[in-house]
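Working notes for the structure below.
The values are calculated or read from the model by the stated rules, or taken from the named source; none is laboratory data. Predicted model only: the values in this text are computed from it and were never measured. Virtual Cβ from ideal backbone geometry, glycine too; neighbours counted across all protein chains shown. Ligands, DNA and RNA are stripped out before the accessible areas are found, and what is left, the full protein with its side chains, is counted by its heavy atoms. Shrake-Rupley method; radii C 1.70, N 1.55, O 1.52, S 1.80 Å.
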Amino acid sequence: MKKVRWTSQIAIFCLCVLIGLDACQNSLTTGSRSTSVGSIQRVVFLGNSITYSGQYISDIESYYRIAHPTLQIEWINVGLPSETVSGLSEEGHADGAFPRPDLHERLDRVLKQTKPDLVFANYGMNDGIYLPFDSTRFERFKDGMLWLHETVVKHGAQIVHLSPPIFDEVKGGKAGYGEVLEHYSAWLLDQGEERGWLVLDIHGPMKAFLAEKRKEDAAFHLAEDGVHPGATGHWLMAKEILSFLGEDVSEAQDVMTALQKHPQHKQVVELVREKQQLLRDAWLTATGHSRPGIKQGLPLDQAYQQAELLEAKLDDLVGSK
């Protein structure tokens, strides 16, 4: 029911995205408030290692490059492995090498430098720090999400919250942690009703998909370690976001089948993934973070010079010029 609540808002939002006109003055009605949408030029994805891996973001951009080749939207991935919005870290994280990075440390820098029009935020998986449900940890998650929402809005961007992906206890152990993420997901979805937030459920569809597949094959999984989804899990996430943005991908089993009518779709997907990784590393280096072991990116100007070469190849493939 919560997803149905946003139908008219999504239609208005998608109209503004697809037209891409500065003159577009339609609005999203969020609760009792009305927020101007305007044109969308930069979309930023915040999150942990699932977002850092970036396949769902590449799937989204690949779809848009083919379905809307003249649309000018930049999709920026600044996901950071191990990160939380709660500021919590379990004892001995990473074998004691470093505590989990806290989004509070970097969010202002990220928003100031990326200047997004729209933010998708994907947190929760790490925020219960893989322990059974605890009300104190839950409050820290809620406080972090409230702070995140307010901070993004203060920077002049719209924010869409994603409910956390599922944790698979069959593959990941950690008895009870799946229920923790059920609590976190339910609370986040409730904020759509109570606070007028835009909240997109990815937890529910992933859980339903996994349960259905396990009826046929008890060994089926979306994440080998219970946490980090593979290609199918990333596509399920991408599908929900694309559907939210007004695209009809309900029948597509993966990004390749969604784009299969385009003769060069495989090359498009490969080039987009290459570009996404190049710019992700550059943006993480430019905005700074406290997480050791992350690949050093090129300076932004150099990264964008290389990205322009990839963009030129993409333009040739999709016929956007």
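Observations on the structure shown:
- Taken together, the residues in region 138-174 that are under 30 Å from Leu210 (Cβ atoms) and either aromatic (Phe, Trp, Tyr) or touching a residue at least 60 places away in the same chain (Cβ under 8 Å) (or both) amount to 9.
- Residue within region 171-186 that is open to solvent by 60 Å² or more (accessible area, probe 1.4 Å), over 24 Å from Pro101 (Cβ atoms), in contact with a Leu (Cβ under 9 Å, 6 or more places away or on another chain) and in a loop (DSSP other than H, G, I, E, B) present: no
- Count of residues meeting criterion [assigned to a helix (DSSP H, G or I), under 15 Å from Pro164 (Cα atoms) and either acidic (Asp, Glu) or touching a Gly at 6+ places or on another chain (Cβ under 7 Å) (or both)] in region 202-243: 2
- Considering residues of region 303-314 that are in contact (Cβ under 8 Å) with a residue 12 or more places away in the chain and not hydrophobic (A, V, I, L, M, F, W, C) only, the residue nearest to Gln72 (Cα to Cα): Glu311
- Residue check for Ala67: without any contact (Cβ under 8 Å) to a residue 40 or more places away in the chain and open to solvent by 10 Å² or more (accessible area, probe 1.4 Å): no
- Those residues of region 170-181 which are modelled with pLDDT of 95 or more, in contact with a helix residue (DSSP H, G or I) (Cβ under 7 Å, 6 or more places away or on another chain) and more than 24 Å from Leu46 (Cβ to Cβ), in sequence order: none
- Taken over region 87-129, the residue count meeting the criterion of being out of contact with any strand residue (DSSP E or B) (no Cβ under 7 Å at 6 or more places or on another chain), at negative phi, open to solvent by less than 10 Å² (accessible area, probe 1.4 Å) and not aliphatic (A, V, I, L, M) is 3.
- Residues (surrounded by 16 or more Cβ atoms within 10 Å (Cβ to Cβ) and either over 12 Å from Gly79 (Cα atoms) or among the charged types (D, E, K, R) (or both)) located in region 286-302: Ala286, Arg291, Gly297, Leu298, Leu300
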